[in-house]
Amino acid sequence: MSISRSPSEVPTIVITGATSGLGRLAAIELAKQGARLGITARSPERAAATAADIETAAPGTEIEIFIADFARTADVRRVGREIAAHYARIDVLINNAGLHAFEQRITPDGYPEMVAVNYFAPWILTQELLATLKASTGARIVNVASEASRRYGTLTLPSDLTDTAPFTARGSSRLYGKSKLLDIMFTLELARRLDGTGLTANCLDPGFNVTGLGRELGFAARLEKILSVLRIGDPARGAGLIVKLATDPAFAGQSGGYYTVKNTRRLTPVHPGGDSAMQARLWAGTEELLSGS
């Protein structure tokens, strides 16, 4: 295993969104490296199938499954506390679960679904697991963002966090990009708040990937097959960057970075992604909004 620690210790890695796409590939690779895995899933059946795939690829891997609906803030808090109670320490938290919806859906809490799943869920889960992460020397938080953030339109805080205005498939990319911009801003503010603790936080753009592409569109499966044949959007590249940020010794102690799958180059976020005042404003607005959840 490439995480730096004594041979007697098995690293514990919690990864969300591991039942498909990049998360599944990353989980399998992490298992091959010898990690103990905690995976979150909404579907027990898909989680069991993923665990079986991991066992086939890396026999003997310790896997724990935690079931939660990331569209429900209380469910995210509940599963975060379950994970924290289960593990004495966590070495890496990978916030990978995400959603690109092609119409507006409102969660039971009254929030826009893409914001709830793509941003609120990792924010809440990270808060619930911070103490357990701090129990491991040099622990890492890795958030999966996207260069789709550059097409976010406009950002108005904190009102955008609760904007449930309808949209169509054509307008969905802007709102998806906005949710990923929030992830970048959250990561950079988190890194600043963790400075001096030994716990690091970074985010990444996994590039264009065909896995799970537009699963809400009727032609998505056919398009995915065509792109795969043409070798466009190989998900292994994005999964590889997730694994690299989670385990590569070269990133030990590195925090507050936004990296691209293209040569693992560090990116400058689109404005106001790198604005520390806006990052702090987002954090405060999120904290206030979710305090009663």
Excluding ligands, DNA and RNA, the carbon-plus-sulfur percentage of the accessible area of segment 9-64 with a 1.4 Å probe reads 48 percent
Between ASP248 and ASP195, with labels modelled 7 Å along Cα→Cβ, what's the label distance in nm to one decimal, could you check? 2.5 nm
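Could the peptides 10-22, 276-288 be put in order, highest first, of the mean number of other beta-carbon atoms found within 10 Å of their residues?
Numbers: 10-22: 24.5, 276-288: 15.9.
Output ranking for 10-22, 276-288: 10-22, 276-288.
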What are the residues whose amide H is under 5 Å from the amide H of GLY17, where those residues sit 5 or more places off or on another chain and H is modelled from the backbone? THR40, ALA97
Under the 7 Å Cα-to-Cβ spin-label approximation, ALA48 and ARG150 lie apart by a distance in nanometres of 4.4 nm
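How big is the antiparallel share of DSSP beta bridges in the chain, given as a percent to the nearest 5?
Details: 2 of 26 bridges.
Roughly 10 percent of the beta bridges in the chain run antiparallel, per DSSP.
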Checked segment 76-121 with the C-alpha gyration tensor, a ≥ b ≥ c its square-rooted eigenvalues, rounded below a/c of 1.5, otherwise prolate if a/b is larger than b/c and oblate if not; verdict oblate
Might you tell me the accessible area per residue for segment 159-205, computed with a 1.4 Å probe and given in Å²? 38 Å²
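Once a ≥ b ≥ c are taken as the square roots of the eigenvalues of the Cα gyration tensor of the chain, is the result rounded (a/c under 1.5), prolate (a/b larger than b/c) or oblate (a/b not larger than b/c)?
Details: a/c = 1.38, a/b = 1.15, b/c = 1.20.
Because its axes are fairly even, with a/c under 1.5, the chain counts as rounded.
Quickly rank 260-269, 86-95 as a protection proxy: mean count of other C-beta atoms within 10 Å, highest first.
Details: 260-269: 14.0, 86-95: 22.0.
The peptides rank, most packed first, as 86-95, 260-269.
The values are calculated or read from the model by the stated rules, or taken from the named source; none is laboratory data. From a predicted model like this one, the values you see are computed outputs, not experimental measurements. Glycine also receives a Cβ, built like all others from the backbone with ideal geometry; neighbour counts cover every protein chain displayed. Surface accessibility is based on the protein's heavy atoms, side chains included, excluding ligands, DNA and RNA. Shrake-Rupley method; radii C 1.70, N 1.55, O 1.52, S 1.80 Å.
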